[in-house]
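The next block holds one structure in the form of structure tokens; read it before the comments.
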Amino acid sequence: MPRVAIIGGGPAGLMAAEVLAAADSTVNRKNIQIFESMPSVGRKFLMAGKGGMNITHSEPLADFIGRYGERAAEIRPLLGAFGPSQLREWIHGLGIDTFVGTSGRVFPTDMKAAPLLRAWLHRLRGQGVQFHVRHRWLGWAPDGSLRFATPSGEIAVHADAVILALGGGSWAKLGSDGAWVPTLRERGIAVAPLKPANCGFDVAWSPYFSARFAGAPVKAVAAKCCGQPEKKGEFNITATGVEGGLIYAVSAPLRDALARDGDAVLHLDLAPGRSLERLAADLARPRGRDSLANHLRRHAGIDGVKAGLLREFCPADKLNVASHLAAVIKSLPLRVTATRPLDEAISTAGGVSFESLDGNLMVRDQPGVFCAGEMLDWEAPTGGYLLTACFASGRAAGLGVRHWLEARP
């Protein structure tokens, strides 16, 4: 019976194993081997669920697919076969209920990742899937076997098919370190450079602002950059820059502008509920004995960190001219100087090129080698899109292995 090696124990690798272990599969279940470099599988999956396990999103599928930007065409068939609805049904099959939050995001009822992962691993082990932890993949030996570093020394594993589900390059301490990139390039597999996605950015704060406001949330704001549509949300000030949901939502165009131009500006609307004209009229009211700080708080709702941002970036000569002050509040230029390091990013852009893969996610010039998950060259915002595509691509790779093995002479 053919032997399949799945390298990587995240959602993509585990889903590939499940497909291969299905009752109608031609692969002997005990010949499905998962190799994981960490002491246990699913570590980044568990970390993603620490603040509430956002598994997918409930928006219409066409809108959902559009979240994958330039790679929407490649992701579409994967999600057409196993999209948000199918993923929720699959979770329910594990005995885990889900609900849709007010934002449209989908969560397990208890908001936790651990019960889902435990139920899934219990099912996989019951199906005969074999797990090998603390096995770091080193590449291929000259005879085509797979090399692994283990606590007992290096071993070689022979497999009829291989699924690579090695993750991206962020959160190295959880196993996604991008160490596979040179190995695949040496093998002739096209890999786009790994880049941070859903990441924070550095800003050249003044020492006073950094010390005073590091850790502060900036709420009820809107942002736009690089000709993209405006987005609303909130973010956090850090000692070195900015991070958080709103920043992640615009991180791709900001990152690309930095790479292209060496410079990028994010325009913040600190009062998104008011028009420029209304804000200018409110600020033009007589100040009397009020300080500028009290005037901003009373007539523009600007205080705390928002007032700090305004003073940080608004020229002093504009602070006392109502029309100028209103214009800056509605479009405060926040210049970012660099992305935060790749290892700090929530996810990774770049990876194995779709052009080097066939429709079953097999490397075109490497028969029997399949790729899935975040190591593929795609990116998506937070909100369940990342996990959904990992599940869907793992399923596609598992089915691809089955079809390839069945078609062999």
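Laboratory data are not the source of any read-out in this text; all were calculated from the coordinates shown. Everything numeric in this text was worked out from a predicted model, so none of it was measured. Neighbour counts are summed over all protein chains in view; Cβ atoms, including those assigned to glycine, are modelled from backbone coordinates with ideal geometry.
Miscellaneous remarks
- Total charge dipole magnitude, region 201-339, about the Cα centre, Cβ charges on Lys, Arg, Asp, Glu only, Debye to nearest 20: 500
- Under the criterion of Cα pairs below 8 Å and six or more residues apart, the relative contact order for the chain equals 23 percent.
- Bridge type composition, the chain - antiparallel percent by DSSP, nearest 5: 75
- The angle separating the long axis of helix 72-81 from the principal Cα axis of greatest extent in the chain is about 60 degrees.
- Its relative contact order, with pairs defined as Cα atoms under 8 Å and 6+ residues apart, puts region 201-339 at 31 percent.
- Lysines with Cα under 24 Å of Lys306, excluding same-chain neighbours fewer than 8 positions away: Lys219, Lys224, Lys231, Lys232, Lys318, Lys330
- For Trp205, Trp378, order by how many other beta-carbon atoms lie within 10 Å, fewest first: Trp205, Trp378
- Correct choice for Rg/Rh (Cα atoms, Kirkwood Rh) that was computed from the model, options (1) 1.11; (2) 1.16; (3) 1.06: (3)
- Cα-based helix-to-principal-axis angle, 11-20 vs the chain, degrees rounded to 10: 30
- Each label was represented as a point 7 Å from its Cα along the Cα-to-Cβ direction; for Ala220 and Thr150 these points are 6.0 nm apart.
- With neighbour counts taken as other beta-carbon atoms within 10 Å, the residues Val4, Val218 rank, fewest first, as Val218, Val4.
- Fully extending the segment from Glu355 to Ala73 would add 100.3 nm, taking 0.36 nm per residue of separation and subtracting the current Cα-Cα distance.
- Amide hydrogen proximity for Phe131: with H placed 1.01 Å from N in the peptide plane, the residues at 5 or more positions away or on another chain lying under 5 Å are Ile34.
- For Cys225, Cys371, the sequence from fewest to most other C-beta atoms within 10 Å is Cys225, Cys371.
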